[in-house]
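The block underneath contains the structure these notes are about, expressed in structure tokens.
The values are calculated or read from the model by the stated rules, or taken from the named source; none is laboratory data. Note that this is a predicted model, so its numbers are computed, not measured. Virtual Cβ from ideal backbone geometry, glycine too; neighbours counted across all protein chains shown.
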2 protein chains.
Amino acid sequence: MPTQTRAFTCGLDAALAVIGGKWKPLVLYHLAKGTLRYGELRRAVGSVTHKVLIQQLKELEADGVVKRVDYGEIPPRVDYSLTKFGHTLASALAPLCQWGTDHTREIARAVARREAREAVA
Amino acid sequence: MPTQTRAFTCGLDAALAVIGGKWKPLVLYHLAKGTLRYGELRRAVGSVTHKVLIQQLKELEADGVVKRVDYGEIPPRVDYSLTKFGHTLASALAPLCQWGTDHTREIARAVARREAREAVA
DNA sequence: GCTAGTATGCACCTTTTGGTAAGTACCCAG
DNA sequence: CTGGGTACTTACCAAAAGGTGCATACTAGC
């Protein structure tokens, strides 16, 4: 067990340590709207593999952001939802989400330029 | 030049496409406080290599978030600052930054647990 | 057998991101 | 010559993150 925990230089760094992961932002976005079963969540998120989605859900659960409820049924039935902590995070993300929505076209252009530069190199 | 641009599922996804990069959040954090010379910025950010810092600054500049001013002097003198667009982003990040600050201890514990799990596996 | 549904795991591989080490070019001081 | 400062570049490598393909186990239908 490490006795030294990572020192964050600022709150933003710390927050991004929680949501860093290709699919975590989308998971948070969808769960902010309400509880979802695994399959519903996966379809909502899009083209993510089981392996990676489960991996990132496990991390979010371990971090206390997401709650997993297994009903122990056959076929398996598992619900995912945001914890209270998770809801505070989702609230803090709302302005950034709005900013992204407001600037989607600019961002898409920027990303396209980045991808074009990479294709040439 | 690709004719298809990436489609973002939500604003959060789009926003994180701009700030994704190990050092970008810290760059934004420091530049939000005012213009910095390259060396000042690098010392502020911490243990980042020239190569990676320049790479991420170039991306932020290309995305219209950061402005680079080269004074053409010897020794070289280059200033980095946030653009107007960059300032809108920094504003949208403020709540998340505050959330991270408020929950630093929880986050540090979560990250430590993650690192402990990785050390055992 | 095959298909579909439910949720997840494992071994191995590919891609992406960040880092290392050395360098460029100019200035100054000892 | 050595060291320091200024701001970057290149080639190659290491580590991290995400993906592929196959599997688990139960149900149903063709």
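Pick out the one residue from A:Leu89, A:Leu96, A:Leu82 that is more than 9 Å from DNA strand C (Cβ to nearest atom) and more than 12 Å from every other protein chain (Cβ to nearest Cβ).
Exactly one residue qualifies, and that residue is A:Leu82.
Tell me whether segment B:43-54 contains one or more residues that are within 7 Å of chain A (Cβ to nearest Cβ), within 21 Å of A:Ala17 (Cβ to Cβ) and more than 14 Å from DNA strand C (Cβ to nearest atom). Give the steps one after another, and end with the answer.
Filtering segment B:43-54 for residues within 7 Å of chain A (Cβ to nearest Cβ) gives B:46.
Filter once more, so that each one left must be within 21 Å of A:Ala17 (Cβ to Cβ): B:46.
Among the residues that remain, those that are also more than 14 Å from DNA strand C (Cβ to nearest atom) are: none.
There is no residue in segment B:43-54 that is within 7 Å of chain A (Cβ to nearest Cβ), within 21 Å of A:Ala17 (Cβ to Cβ) and more than 14 Å from DNA strand C (Cβ to nearest atom).
I'm told B:Thr101 meets every condition in (1) modelled with pLDDT under 95; (2) more than 16 Å from DNA strand C (Cβ to nearest atom) except one. Can you identify the failing condition by its number?
(1)
Yes/no per residue for (1) of a type in the set (Lys, Arg); (2) within 14 Å of DNA strand D (Cβ to nearest atom):
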| residue | (1), (2) |
| --- | --- |
| B:Gly11 | no, no |
| B:Ala17 | no, yes |
| B:Glu61 | no, yes |
| B:Arg68 | yes, yes |
| B:Asp79 | no, yes |
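Picking from A:Arg105, A:Arg77, A:Arg114, A:Arg109, which residue would you name as being more than 20 Å from the chain's Cα centre (by Cα) and in contact (Cβ under 8 Å) with a residue 24 or more places away in the chain?
Details: A:Arg105 fails: in contact (Cβ under 8 Å) with a residue 24 or more places away in the chain; A:Arg114 fails: in contact (Cβ under 8 Å) with a residue 24 or more places away in the chain; A:Arg109 fails: in contact (Cβ under 8 Å) with a residue 24 or more places away in the chain.
Result: A:Arg77 is the single residue among A:Arg105, A:Arg77, A:Arg114, A:Arg109 that is more than 20 Å from the chain's Cα centre (by Cα) and in contact (Cβ under 8 Å) with a residue 24 or more places away in the chain.
Which residue is farthest from the other protein chains (Cβ to nearest Cβ), if the candidates are limited to segment A:12-28 and must be within 11 Å of B:Ala108 (Cα to Cα) and more than 14 Å from DNA strand C (Cβ to nearest atom)?
Within segment A:12-28, the match that is farthest from the other protein chains (Cβ to nearest Cβ) is A:Val18.
Would you pick out the residues in segment A:66-79 that are near DNA strand C (Cβ under 8 Å from one of its atoms) and assigned to a loop (DSSP other than H, G, I, E, B)?
Within segment A:66-79, A:Ile74, A:Pro75, A:Pro76, A:Arg77 meet the criteria.
Among the residues that make up segment B:29-51, is at least one of them modelled with pLDDT of 95 or more, within 19 Å of A:Arg114 (Cβ to Cβ) and near DNA strand D (Cβ under 9 Å from one of its atoms)?
Yes, the conditions are met somewhere in segment B:29-51.
Just give me the residues in segment A:24-65 being β-branched (Val, Ile, Thr), assigned to a helix (DSSP H, G or I) and closer than 12 Å to A:Gly86 by Cβ, in sequence order.
We begin by selecting, within segment A:24-65, every residue β-branched (Val, Ile, Thr); these are A:27, A:35, A:45, A:48-49, A:52, A:54, A:65.
When the remaining residues are screened for being assigned to a helix (DSSP H, G or I), the result is A:27, A:45, A:52, A:54.
The one that is β-branched (Val, Ile, Thr), assigned to a helix (DSSP H, G or I) and closer than 12 Å to A:Gly86 by Cβ: A:Val27.
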